[in-house]
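**Student:** Dropping the structure in here first, questions after.
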Amino acid sequence: EPEVTQTPSHQVTQMGQEVILRCVPISNHLYFYWYRQILGQKVEFLVSFYNNEISEKSEIFDDQFSVERPDGSNFTLKIRSTKLEDSAMYFCASSVQQGGYGYTFGSGTRLTVV
Amino acid sequence: AQKVTQAQTEISVVEKEDVTLDCVYETRDTTYYLFWYKQPPSGELVFLIRRNSFDEQNEISGRYSWNFQKSTSSFNFTITASQVVDSAVYFCALSDNTDKLIFGTGTRLQVFP
């Protein structure tokens with residue numbers, strides 16, 4: 001069964017450092033997303049991406065965050081200068097069409113900022 | 001604004017008991033989609049079901065069943081004859097025409113042997 005692949009599974013970074021989280025969505029999917037889950041809390045939407053541009057972003061997704069699809073397969077989330085409060089599980093997701101059809105999450109990257 | 005409420009923070013049952021997880025949603029859209037995800041201790045989000053707003057038929061999949069009632073804006077999830085492996089956090093989520101998922105706060109289910 002097709003999967004959304006996220007790397008690394010766990011990343012530890014020092015406060016103030018830049019970090020890039022990587023995702024390989026399912027190959028025929030057209031819509032891409034990042035979500036965040038702070039430990040013990042609910043999953044929160046960060047950003048959606050379609051046709052090489054951001055479709056929607058939440059208020060969490062400030063200037064410290066950026067997304068990119070640098071080639072035909074990867075989808076990345078960059079946090080420019082990490083803060084302690086950025087520590088969370090970050091989930092990538094993709095879907096084949098609007099309406100949540102085939103909405104598939106990756107297994108997540110646990111980011112720890114120290 | 002869209003909202004999903006899972007009022008049950010934590011539920012504990014003994015194996016073989018039936019358990020129902022409640023989900024109440026709010027949206028002004030007439031077209032929307034509802035989801036349930038399971039998050040086991042390993043942390044990944046496991047898709048369980050997607051239902052669109054025009055399909056109010058209840059669904060059964062093995063020991064799992066879902067009851068969708070538009071009149072009460074609820075999409076409840078029942079596990080029949082629960083097992084220890086069902087222990088996880090369960091999230092209900094709503095997607096409107098913007099395609100992002102709005103998650104509830106989750107219900108932690110503990111099934112004891």
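**Student:** Once the Cα atoms of region A:3-64 are picked out, what are the Rg and Dmax in Å?
**Tutor:** 13.0, 36
**Student:** DSSP loop (so not H, G, I, E, B), at most 13 other Cβ within 10 Å: list which GluC sites (Glu not before Pro) in region A:30-75 pass both filters.
**Tutor:** In loop regions of region A:30-75 (DSSP not H, G, I, E or B), the sparsely surrounded GluC sites (Glu not before Pro) are A:59.
**Student:** How big is the convex hull of the Cα atoms of region A:42-114, per residue, in Å³?
**Tutor:** 115
**Student:** Right, here's the next one. With the cut-off at 21 Å, tell me which of the pairs A:42/B:38; B:38/B:70; A:78/B:3 have Cα atoms farther apart than that.
**Tutor:** Going by Cα-Cα distance, B:38/B:70; A:78/B:3 fall outside the 21 Å limit.
**Student:** What's the Cα-based Rg to Rh of the protein assembly as shown, Rh via Kirkwood?
**Tutor:** My calculation of the ratio gives 0.97.
**Student:** Can you give the percent of C-alpha pairs in region B:1-66 whose distance is more than 20 Å?
**Tutor:** Across region B:1-66, Cα pairs with separations above 20 Å total 39 percent.
**Student:** May I have the convex hull volume per residue, in Å³, for the Cα set of region A:42-83?
**Tutor:** Expressed per residue, the convex hull around the Cα atoms of region A:42-83 is 91 Å³.
**Student:** Can you give the mean number of other chain Cβ atoms that lie within 10 Å of the Cβ atoms in peptide A:54-66?
**Tutor:** 1
**Student:** Which of the aspartates and glutamates could a cross-linker bridge to residue A:83, judged by Cα under 12 Å and excluding same-chain residues fewer than eight apart?
**Tutor:** A:18
**Student:** Please find, in a Gaussian network model of chain A (springs between Cα atoms separated by less than 10 Å), the residue of A:22, A:69, A:80 whose mean-square fluctuation is greatest.
**Tutor:** A:80
**Student:** Of the heavy-atom accessible surface of region A:1-62 (probe 1.4 angstrom), what whole percent is carbon and sulfur?
**Tutor:** The C+S portion of the solvent-accessible surface of region A:1-62 is 44 percent.
**Student:** Relative to the present Cα-Cα distance, how much length would full extension add between residue A:10 and residue A:39 at 0.36 nm per residue of separation?
**Tutor:** Stretched out fully, the residue A:10 to residue A:39 stretch lengthens by 9.1 nm.
**Student:** Given region B:52-113, what whole percent of its Cα pairs are spread farther than 13 Å?
**Tutor:** Value for region B:52-113: 70 percent of Cα pairs lie more than 13 Å apart.
**Student:** Please compute the modelled spin-label separation between residue B:47 and residue B:60, points set 7 Å along Cα→Cβ, answer in nm with one decimal.
**Tutor:** About 2.4 nm, to one decimal.
**Student:** Take the Cα atoms of chain B, build their convex hull, and give its volume per residue in Å³.
**Tutor:** 93
**Student:** Something else now. Where Lys and Arg each count +1 and Asp and Glu each count -1, what net charge lies around residue B:98 among other residues with Cβ under 10 Å from its Cβ?
**Tutor:** For residues surrounding residue B:98, the net value is -3.
**Student:** Kindly tabulate the residues in region A:90-114 with an accessible-area decrease of at least 20 Å² between the chain alone and the assembly of all protein chains, using a probe of 1.4 Å.
**Tutor:** A:91, A:98, A:99, A:100, A:101, A:103, A:105, A:107
The values are calculated or read from the model by the stated rules, or taken from the named source; none is laboratory data. Note that the structure is a prediction, hence the values are computed from the model and not measured. Neighbour counts run over all protein chains shown; Cβ positions are idealised from the backbone, glycine included. Side chains are part of the model used for accessible areas, which takes the heavy atoms of the whole protein and leaves out ligands, DNA and RNA. Shrake-Rupley method; radii C 1.70, N 1.55, O 1.52, S 1.80 Å.
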